[in-house]
Amino acid sequence: MSIWEAGAVDSQQFNVTDNLIFSSIASLLQQWPNTLWRNGHTIIKGHIPAGTILYHGRHDSEAPTAFEWLAFNFEHSYLLCQSPECWMLTFAVREKINILYFDGSSASNSLMGHLDSQDVLLWGKVRPEKLLDEVGRIRSLCAWGAPFGLDGYVRMEPGFELMLCDFSKLRLVSSVRIHAPDRSKERGWNTRDDHGFGSIFQRRAIRRSNSVLLPPGGPPSREPPGLPPIPPPPPPVPPNWRGPFRTGHSVEIETCLAAAWNNFYPGEARVKLDYTRMVSFYDPSLMSLLPSRDGLPKNRHRLVTLSKDDAKLAMDRLEDDLNRKSGDPSTDWSMLLRTVMDRYGDRLWLLRDTLSSPERYDSIKLAAEQVRLQVFVMLTPYLVYDAVPDEDSPTGGKDHSWVKPIIHRCSTSLTAGVEEAQLFRSEKLIKRATDGVLRRICSTIAEIWADAMPVSMASEHRTHRLIGSWKRDVDVLMTWLDWPMWQTCHPACPPQMFCYIPTWPWGVEWTEMDPDDIDMAPRCIDRTTGSLILPRF
C-alpha cells in the first residue's frame, strides 16, 4: 500500500490554506511576489528604525507636517516630480516609527482587490467607491491607528511607500531643487492610451485637491472623474546646461529597476516586522472566505465575501495584538520560512525539469537514476539508517510504510527549535502553515523515493510509468506551493534587459475588473527602450 493508505501522512492535516499562509508570509515586503499576487491578505505591525532615509518629491520646497506619502527609494519619489519645478525633500528618521504594513500591491488604486484589507480595517467591508479617496484614506487610517501608537502605514506599488501621519519623528536633511524630467512631448497623458504614468499624476492631483469618491459600481469611464490629464510644460533649462534632460520613460524604467532591488528575500529591509502582531485573511478560522476562493488562482482571492462576524474577529485579534505591551518573537520567522524555500525551491525546479525531459538522457533508465539521485540529495539528512523495505518486499511493491520515519524527520527537523508553548497566536498560525507545507513536500518526495530507490531493477515499461507518475506528483506539489521564484524569467535576462511583469499603473487601468485580462507572464524587456505597457489578452 502507499504511504497515504499506510497512514504515514494524514491528508486531513493538510490545512486548506497552509500553502497560502506560508507563501504570503514568506513574501512579505518583497516586490515580485506582491506584484504577481496583488491582493494582499496580511496586516502586520512593524517599525522603521532611526537613521532610515526617506524621500518626498514635490512641486515646491515646503516641508509637510502631517498626512503625506514618502518613498524609501529616491527613484520612486522622483517619479512623482512634475515640471516645471521638482523639489526633492530628504528626511532622516530621528525616532523609531511604528507602522502597520499591508501586503500585496496595496498602494495601487484598483478595483481588483488591491485595497481590500485596508477597507476591511477601516470600514469592515470592501468599499470600491473609496478607490480614489486618497486623502480620506490616509486621514482615516491615521485616526484608527492613533490609539495604538501607530505613526504610519507601509504599502507597495512600484516600490514601497510610507503613509506618514505625523512628521515629528523625522528630521529634514535637505530640500533641493533638482532637474525634472522632460515629459512635455510624451504620449501617455490620456490614460485611455497608456493606462500608465498619467494615472500617477491624476492621483497626485487627487491628493492635493481632496478626495474623489466614485459612484457605486466603479467609475463610469476609464479616466478618474473630473481630472483630465494635462501634460506638464518642459522643465526650465539652467544657464550653461548642455544636452537633453532625462525622459519620463527613463524615470519610469529606473523606478521599476529600483523597486526590483527588493524583488526577493529579504525584501525591503528598512522595515522591521513583528510576526507576533499580525492577522492573515488566509486564517482558516475566517470561514466565510473559504468557499469564495475555492479553486481560484491567488490573483482572484478577494475579501468581498468576508462576513461581519469574521471581519470583527480579525480586527479584534489585530487590536489585541496592538494593545499587548510585551512579547517579542521567539523565532526569526522570516529566516525560517526562507530556509524552507532555499532548501527545496531550486531542487524541486530541477527535479521537475528532469522529469519533463527524460529524452535528454541516453535511456529512460538513466533518466530515472538521475531522478533517484536528486531525490536522494533532498532526503539525505532524513534517511534513517534502517528505514528500508523489508527483505522479502517485492521490487515495485505498494507497501511504502517503511518511509514513515523519513517523512517524520523531513517534516519536523527544520522547525525542531520552535517551542510551541512560547508562541503567540499569530506565530502558531505560521508554525502550523510551515508544518503543513513541509509535510506535503516531504511526503511527495518520500513517495518518489519509495519507488526510485530500487528503480535500477525495474523494467523499462515500469520505469516509463514511474517517470510519468513522478512528474504528475511534482507538478501537483509545485502548483500547490506556487512559490514566486518559479515564476520569473527562465533563462535569466541578459545584462541590458530586465525581467518584468505588469506593475501598476503601467498596463493596469483604474477600472480594470478582470485580472485575467492582464498578461502576467514574465518577460525580458530592454532597460533603455523597453515598454512597461504590455499587450493585453
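Which links in 130/272; 298/325; 404/428; 428/471; 298/365; 96/130 stretch past 27 Å when you go from one Cα to the other?
Distance filter (> 27 Å) returns 130/272; 298/325; 428/471; 298/365; 96/130.
Counting only heavy atoms of protein chains, what accessible area per residue, in Å², does the chain have with a probe of 1.4 Å?
42 Å²
Over the stretch 378-447, what is the relative contact order in percent, taking alpha-carbon pairs closer than 8 angstrom and at least six residues apart?
Result for the stretch 378-447 is 40 percent.
Counting Lys and Arg as +1 and Asp and Glu as -1, what is the net charge of the other residues whose Cβ lies under 10 Å from the Cβ of residue 177?
Combined, the nearby Lys, Arg, Asp and Glu give -2.
If you take the Cα atoms of the stretch 227-335, find Rg, then find the Kirkwood Rh from the mean of 1/r over all pairs, what is Rg/Rh?
The Rg/Rh ratio comes out at 1.18.
Lone cysteines in the chain, defined as no other cysteine's Cβ under 4.7 Å from theirs: which are they?
So far as the 4.7 Å Cβ criterion goes, 256 stand without a partner in the chain.
Magnitude of the Cβ-charge dipole of the chain, K/R +1 and D/E -1, about the Cα centre, nearest 20 debye?
That gives a dipole near 1220 debye.
Any idea how far apart residue 369 and residue 185 come out in nm if each label point goes 7 Å out from Cα toward Cβ?
Result: 6.6 nm between the two label points.
Any idea what Rg and Dmax come out to for the stretch 65-109 if you just take the C-alpha atoms, in Å?
Values for the stretch 65-109 (Cα only, Rg and Dmax): 12.9, 35 Å.
What distance in nm separates the two pseudo spin-label positions at residue 353 and residue 241, each 7 Å out from Cα along the beta-carbon direction?
Computed distance between label sites residue 353 and residue 241 equals 4.8 nm.
Test of understanding: what is the full-extension gain from residue 326 to residue 531, defined as 0.36 nm times their sequence separation minus their Cα-Cα distance?
Stretched fully, the residue 326-residue 531 segment lengthens by 68.9 nm.
On full extension of the chain, what length is gained from residue 496 through residue 516, given 0.36 nm per residue of separation minus the C-alpha to C-alpha distance?
Additional length available on full extension: 4.3 nm.
Using only Cα atoms, what is the ratio of the radius of gyration of the chain to 2.2 N^0.38 Å?
Taking the Cα Rg and dividing by 2.2 N^0.38 Å, one obtains 1.08.
What percent do you get for the relative contact order of the chain when only Cα pairs under 8 Å and 6+ apart count?
Result for the chain is 22 percent.
With +1 on each Lys and Arg Cβ and -1 on each Asp and Glu Cβ, how big is the dipole of the stretch 333-449 about its Cα centre, in debye rounded to the nearest 20?
That gives a dipole near 560 debye.
Whose amide H sits under 5 Å from the amide H of residue 518, counting only residues 5 or more places off or on another chain, with H placed in the peptide plane?
Under 5 Å from the amide H of residue 518 lies no amide H from a residue far enough along the sequence or on another chain.
Kindly provide the helix-only [θ] at 222 nm of the chain, computed as the sum of -39,500 (n - 2.57) over DSSP H runs of four or more divided by all residues, to the nearest 500 deg cm²/dmol?
-11000 deg cm²/dmol
Pop a pseudo-label 7 angstrom from the Cα along the beta-carbon direction at both residue 65 and residue 390 and give the gap in nm to one decimal.
About 8.3 nm separates the two model spin labels.
Quick check: convex hull over the Cα atoms of the stretch 474-537, volume per residue in Å³, rounded to an integer?
109 Å³
Explain nothing, just compute: Karplus ³J(HN,Hα) = 6.51 cos²θ - 1.76 cosθ + 1.60, θ = phi - 60°, for every residue of the stretch 456-472 in order, whole Hz, x for Gly and Pro.
5, 9, 7, 6, 5, 4, 5, 4, 4, 5, 5, 4, x, 5, 4, 4, 4
Taking all protein chains as present, what is the carbon and sulfur share of the accessible area of the chain, in % to the nearest whole number, probe 1.4 Å?
53 percent
Could you derive backbone 3J(HN,Hα) for the stretch 473-490 from the dihedral phi with the Karplus parameters 6.51, -1.76 and 1.60 (θ = phi - 60°), listing whole Hz in sequence and x where the residue is Gly or Pro?
Going residue by residue, I get 5, 5, 4, 4, 4, 5, 5, 5, 5, 6, 7, x, 5, 8, 10, 10, 7, 10 Hz, with x marking Gly and Pro.
The values are calculated or read from the model by the stated rules, or taken from the named source; none is laboratory data. Not measured: the values here are computed from a predicted model. Note that we place each Cβ from the backbone using ideal geometry, even for glycine, and neighbour counts take in every protein chain shown. Remember, those area values only see protein heavy atoms, side chains included, never the ligands or the DNA or RNA. Shrake-Rupley method; radii C 1.70, N 1.55, O 1.52, S 1.80 Å.
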